[in-house]
Amino acid sequence: MLYVREEYRIVIENYLENYLNYYVVPNAAEAMKAIELLGQSQKGRANFFMLDAFRDYQAPLSLLPGGIRAVDVVEVEAQYRPLMEFLLENVVISEEAVTSANSNSELTILSKSGTFVKRKFSMSGGSVGLFEGKKIGRKKNLEILETEIKKLESTENQLNTQLSTLRTHISALRNADQSAMLQREREVHNRLSQEKAGMQAKLDNIAAFVANFDEQAGDANQRIKNLTESNALIETVLTSKTAAAEALRERLTSADGSFRDVAEQLSHASADYNQKNIEFIRQQNKVNTLRQELTFRENRRNDLRQTLATAQTNLARNNDEVGLIEADIQRITLELTTAYTEKKEKEAALSGVEQAYFKARNEIHELENKQRDNFRKQQDLQVLVNRLKEKFNDVKFEITAIGERLRAEFGIGVNDVINQEPNPEYQRDTLERDVNNLKRRLDNYGEINPMAIEAYNEIKERHDTIAGQRDDILTAKENLVQTMKEIEETATARFLESFAQVRENFINVFRTLFTEDDSADLLLSNPDNPLDSDIVIIAKPKGKRPQTIAQLSGGEKTLTAIALLFALYLLKPAPFCIFDEVDAPLDDANIDKFNRIIRQFSKESQFIVVTHNKATMTAVDTIYGVYMPEQGVSAVTPVDFRKLGQGEMVFEAG
C-alpha cells in the first residue's frame, strides 16, 4: 500500500511494525463482514483500518530542527494519505542523537539509521537486523526490480552479441598465420629489453651520482655558474647563427644563380643551429637537475639541523630530569634510612608486647582447657544419670507388663510373686533355658492356616501350567534353532553367491578403470564362517605392490572405491545413484575413465553427480547450477545439453 525510499525504509518499518498485518477496508460494514467470515470459518482474529473514519482527519504540524516529518518520506495513493498521516502523527526523523532538551517533547523521534525510537517518556532501540526493511513497499520494489532485470537482460544480450563477435574474432585470429606478428612482437620485446638494460645502467649511474653528490656539492654552484655562462655564449652564438640563417634566407629569395650554394649554406647553418640548440637544451636540463638536487640537499640539511636542535633540546631536558631524579633518589634514600631505624625500634617494642601477649594467651588457654574438662565431665555424668533414669523406666514398664500378664493369664498379682520366696530347687539359668526352648518351639509352629489346602491346589495348578509352558518353550526353542540353522545355511549360500558375483564384477570394473594388466580381488578372511568374516580388498595397479590400501594414491583409492560401488551396483541395480564430489582427487586421465564408465552405466540408471570439475560438467546430459538470488535463499537453474544445438557453451565454475 505504501512505498518508502531505501534510506528511510528500515526506520519506518520498525515504527509501523505493529500495524503491518492490519487490513484496510472502506468502512465498518466491510470490517464486520470480514469479522463474521473469520468467526464462521474459525480462522482466528484480524485488525482493520476503516478509511471513511479518516476522511476529514487533519494531522497536526510537527517540526524538529534538523529533522524531517516521517509522513513526508512515505509515498502512498491519495485515498490512503489520511491514514498514513494518522499513523505517523507527530513522528519526526532525525539524523542527530537524541538530547535531553527534547526529552519532554510531544514528538516521537526516529533515528535515520533505525537504531532508536524516542518517545515522550521512553526510548527503545538496539542493533538493526540484516533482513529489516524488506516488508514495506515490497510490491513497488518488485516492480523496480523487474525494470532493472529487463535492463540487465538487454545489457546481457548486448554483451552476448559482443562476446559472439569477440569469439569470432578470436577464432579468426587462431586460424590466421601469426608468424609475422610474432616476429614483430619479438623484435619489440628485444628492443624493450635493450632499453630496459640501458635504463638500468642509467639508474645505476644516477645512484652512483647521488652517492657522490655530497662530495660534489661544493663545486655545484661553480658548475652552475659556468654552465650559465656557457648557455649565454651558446645563446649569443645561436642568435648570430639565427641572424646568419635569416640573411641566407633573404639572399636565397633575392639571388637566383647562387641558389644551390645558399641552400647548402642554409643547410649547414640549420644543422649547426640544431646541434647548438640540442647542446643548449642538454645543458639547460643538467642545470635544472643540479638545481633540483641542490634544493633537495639544502632541504635535507635544514631538516637534519632541525632534528639536531630538537635532539639537543631533548638531551638538555633529559639531563635536567636526570638531575631531579638523582635528587629524589637521595631524598628517598635518607627517608628510607630514617624509616628503617624507626622500624627496628618499633620491632623491638613489638617483641616485648608480643611476649607478654603470648604468655597471657597461654594462661587463658590453660584455664579454658580446665573449664572444657569440667564441662565434659559434667556432661558425662548427666548422660549417665539420664541412662539410669531410662533404664529405671524400662524396668518399671516391664514389671507393669509382667504384672498385667500374670493377672490375665494366672490370676495373681505382681506383688504376690515379688513377696513369694523362691524355690531353692529351681536354678535361674535352667529355667531361662527351658523358657527359651519352649518359646522357640512355639515360634516354629507358627499360626494355623485354614486355607492351606486351597493354597496347595492353587500352587499345584500354577506349577502344572508353568511346566506346560516350559515344555512349549523348549519345543519352540528347538524349532527356532532349526529355523536359524536353515536361515544361516540359506544366507550363507546366497552370500557366497552374491560375493562371487560382486568379486567378478569388481575385477572387471577395476580393470576397466585401470588397465587389463592390473590385478584386483576380494577375499574372505575366514572362509569357514563367511557371515562373520571380514572382506579383504586387494588392489594392485601395474608397477606397484602395495601391502595395504593406504599405500595407494588418492586417485587410485577413489577409483578402487568406485569400482567396488559399481560392483555392488551390478549385483542389484538401483533406479538412480548420487555421487558427491567423488571425482575431486582424480586427474584428467582418470576423470575421463570415470565419465566413460558413468556414461556406460547411465543406460540403465540415472546418475546425479555433485562436482566442481569442468571435465565432468562437459560430459553430463543436464547441469543444474545453484545460486543465491538473495541472502539465505537458494535457487536452481537447469541446462539440458541434449536440447541445445551444436553451438559451443562455456561454464565457469564458481
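The values are calculated or read from the model by the stated rules, or taken from the named source; none is laboratory data. The model shown is predicted, which means the values in this text are computed figures rather than measured ones. Note: ideal-geometry Cβ built from the backbone for every residue, glycine included; neighbour counts use all protein chains shown.
What residue, of Ile623, Ile597, is buried (at least 16 other Cβ atoms within 10 Å of the Cβ) and either within 18 Å of Phe510 (Cα to Cα) or out of contact with any strand residue (DSSP E or B) (no Cβ under 7 Å at 6 or more places or on another chain) (or both)? Walk me through it before giving the result.
Working: Ile623 fails: either within 18 Å of Phe510 (Cα to Cα) or out of contact with any strand residue (DSSP E or B) (no Cβ under 7 Å at 6 or more places or on another chain) (or both).
From the options Ile623, Ile597, the qualifying one is Ile597.
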Selected residue (criterion: surrounded by the most Cβ atoms within 10 Å (Cβ to Cβ)) from residues of region 539-555 that are in contact with a Phe, Trp or Tyr (Cβ under 8 Å, 6 or more places away or on another chain) and within 24 Å of Phe499 (Cα to Cα): Ala539
Residue in region 522-542 that is out of contact with any Ser or Thr (no Cβ under 9 Å at 6 or more places or on another chain) and within 19 Å of Ala567 (Cα to Cα) present: yes
Selection status of Arg291, touching a residue at least 40 places away in the same chain (Cβ under 8 Å), of a type outside the set (Gly, Ala, Ser) and part of a helix (DSSP H, G or I): yes
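Against the definition (surrounded by 10 or more Cβ atoms within 10 Å (Cβ to Cβ), outside the structural domain of Ile537 (by TED's automatic domain parsing) and not polar (S, T, N, Q)), how does Arg470 come out, yes or no? Break it down into steps so the answer makes sense when it comes.
Values: surrounded by 10 or more Cβ atoms within 10 Å (Cβ to Cβ): yes; outside the structural domain of Ile537 (by TED's automatic domain parsing): no; not polar (S, T, N, Q): yes.
It is false that Arg470 is surrounded by 10 or more Cβ atoms within 10 Å (Cβ to Cβ), outside the structural domain of Ile537 (by TED's automatic domain parsing) and not polar (S, T, N, Q).
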Output for region 542-562, where each listed residue is over 37 Å from the mean Cα position of the chain (by Cα) and in contact (Cβ under 8 Å) with a residue 24 or more places away in the chain: Lys542
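From the set of residues in region 1-48 that are among the aromatic types (Phe, Trp, Tyr) and in a helix (DSSP H, G or I), which is surrounded by the fewest Cβ atoms within 10 Å (Cβ to Cβ)? Talk me through it step by step, then tell me what you get.
First, the residues of region 1-48 that are among the aromatic types (Phe, Trp, Tyr): 3, 8, 15, 19, 22-23, 48.
Filter again for in a helix (DSSP H, G or I), leaving 8, 15, 19.
Details: Tyr8: 20, Tyr15: 18, Tyr19: 11.
Going through the qualifying residues, I end up with Tyr19.
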Those residues of region 566-581 which are surrounded by fewer than 19 Cβ atoms within 10 Å (Cβ to Cβ) and either without any contact (Cβ under 8 Å) to a residue 12 or more places away in the chain or in contact with a helix residue (DSSP H, G or I) (Cβ under 9 Å, 6 or more places away or on another chain) (or both), in sequence order: Leu568, Tyr569, Leu570, Leu571, Lys572, Pro573, Cys577, Phe579
Residues that are within 22 Å of Val11 (Cα to Cα) and modelled with pLDDT of 80 or more, drawn from region 50-73: none
Given (1) in contact with a Pro (Cβ under 9 Å, 6 or more places away or on another chain); (2) closer than 18 Å to Val639 by Cα, index of the condition Val610 fails: (1)
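Of the residues Ser100, Ser127, Ser113, only one is more than 26 Å from Gln631 (Cα to Cα), at pLDDT below 75 and of a type in the set (Ser, Thr, Tyr); which? Talk me through it step by step, then tell me what you get.
Working: Ser127 fails: more than 26 Å from Gln631 (Cα to Cα); Ser113 fails: more than 26 Å from Gln631 (Cα to Cα).
Testing whether each residue is more than 26 Å from Gln631 (Cα to Cα), at pLDDT below 75 and of a type in the set (Ser, Thr, Tyr) leaves just Ser100.
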Residues of region 385-412 that turn out to be loosely packed, with under 10 Cβ neighbours inside 10 Å and of a type in the set (Phe, Trp, Tyr), as a count: 0
Whichever residue in region 480-537 is at pLDDT below 85 and assigned to a strand (DSSP E or B) and, among such residues, is surrounded by the most Cβ atoms within 10 Å (Cβ to Cβ): Ala520
